[in-house]
Amino acid sequence: MKNHMLHPLRRGAVALAAVTAVTGLALAGCSSSSSPTGSTTAGSDEIGVSLIVKTNSNPFFIAMQDGAKAAAEEHGVNLTLAAGEEDGDEDTQIQAIEAAISKGDKGILITPNGPAVLDAVEKARDAGLFVIALDTVPDPADAVDITFATDNFLAGQLIGQWTAGTLAGDDAVIGLIDLFDDKVVTVDYSRDQGFLDGMGIDLADAEVNGDEEASGSYSGGSYTIVGNEASQGAEDGGRTAMENLLAKNPDINVVYTINEPAAYGAYQALQAAGKDPGDVIIVSVDGGCAGVQQVADGIIDATSQQYPVKMAELGVEAIVDLVETGEAPEVTPGLDFYNTGVELVTDTPVDGVESIDTTEAAGICWGEK
């Protein structure tokens, strides 16, 4: 396999969501404090922090909440949780930000859901709250005090390089299952474009999904891109997206997915279509405990592992430091965020592409790298 140089990282546009998990805005306090609201009360020195995540239906964000709870307990932070019904609900995320301002919180941890959220973030910062993004860098990056996130472009590159090596020169018929088709978010295009770059496919605009040449050469042979379908990062969305792609071309043998719920949905669609799992490569990004088991079971062939618990822990600690010193931690050199790490997980390694197996990955799934 020809070595493919890493494409320069490109950042921009806003990212994943944080919304409510029940009808209307649901805020739940959780800390060692006796305050019933779970937030800082006026005139108190207590540090109140709101964590606004995407949804309670995605294990990634449940792990993030658990990490924040543990860190809040350790540092005496009064933590409020806000979660949502689905990805893409900017309005409810804005309500959660406004609630944090009203409660007198000192800081907000948020996985920003779209451009509309940034006005509310600015309002919070103007009100004296520190705002830290988790999981995805907003555009512009300095819209928040700092971001703790996976290098999503690199995560995509790793599964792309692994795929190219696994194909070993065979033709690649590629279906791409993304996050959205109605808004631009960094986590979406960074992973998609990183994957194609790792495959050795020329990118047109690295901040745009779906503008590449539909056919050409990858680092090992010839490729055809069947299309891009949105999944909303959900299992049912991944299943529908895969059905749509198969309707366009039933010969797909490579499936990129935005995350592991979408990957499992794609796998179900392939099964229903009578496809032999051994004939289709499925790759993804997440590396949760369930996803690692799916790699071990042969449902997903390779995934890039993230560390949301670490993101949350660092976020809580950074809010405490900002309140006490006014100083934010420094970003990773060469990036506009703090890189919380990524590892390629597979039980079928490829020469020249560093990876860990499912046994090792299961021991650190979504925890500390």
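Using a 10 angstrom cutoff on alpha carbons, build the Gaussian network for the chain and name the most mobile of Pro112, Pro138, Pro277. Answer for the Gaussian network model of the chain: Pro277. Let me check against my output: what whole-number percent is the relative contact order of the range 105-164, with C-alpha pairs under 8 Å and at least 6 apart? Averaging sequence separation for qualifying contacts and normalising by length gives 29 percent for the range 105-164.
Above 14 Å, the calculated P(r) of the range 155-210 contains 52 percent of its Cα-Cα pairs.
With the highest mean first, a sort of the peptides 174-185, 354-365 on other beta-carbon atoms found within 10 angstrom per residue produces 174-185, 354-365. Given the options Leu109, Gly265, Thr332, identify the residue whose Cα lies farthest towards the positive end of the charge dipole of the chain (+1 on Cβ of Lys, Arg; -1 on Cβ of Asp, Glu). My answer, from the dipole projection, is Leu109. Entry note, the chain: relative contact order of 18 percent, from Cα contacts under 8 Å with a spacing of 6+ residues. Once the Cβ-Cβ distance of Lys248 and Asp45 is raised to the sixth power relative to R0 = 56 Å, the FRET efficiency obtained is 0.40.
Extension gain for the segment Ser215 to Glu122, taken as residue separation times 0.36 nm less the Cα-Cα distance, is 29.2 nm to one decimal.
Here the Gaussian network model covers the chain, with springs between Cα atoms less than 10 Å apart; of Ala164, Ala83, Ala127, Ala127 fluctuates the most. Relative protection proxy for 223-234, 240-251, from highest mean packing down: 223-234, 240-251 (other beta-carbon atoms within 10 angstrom).
Using only Cα atoms, find the angle between the long axis of helix 152-167 and the longest principal axis of the chain, and express it within 0 to 90 degrees, rounded to the nearest 10. It works out to around 20 degrees.
If the chain linking Asp279 and Thr359 were pulled fully straight, counting 0.36 nm for each residue of separation and taking away their Cα-Cα distance, it would gain 26.4 nm.
Would you tally the net charge around Ala272, using a Cβ to Cβ cut-off of less than 14 Å, leaving Ala272 out, and scoring K and R as +1, D and E as -1? After counting each charged neighbour, the total is -2. Can you compute the FRET efficiency between Asp205 and Asp142 using 1/(1 + (r/R0)^6), with r the Cβ-Cβ distance and R0 = 30 Å? Round to the nearest 0.05. After rounding to 0.05, the efficiency reads 0.85. Report the residues of the range 335-361 in range of a label on Glu74: point 7 Å along Cα→C-beta, backbone N strictly under 20 Å from it. Residues 338-342 qualify, since their backbone N sits under 20 Å from the label point.
Laboratory data are not the source of any read-out in this text; all were calculated from the coordinates shown. Computed from a predicted structure; not experimentally measured. Cβ atoms come from the backbone with ideal geometry, glycine included; neighbour counts cover every protein chain shown.
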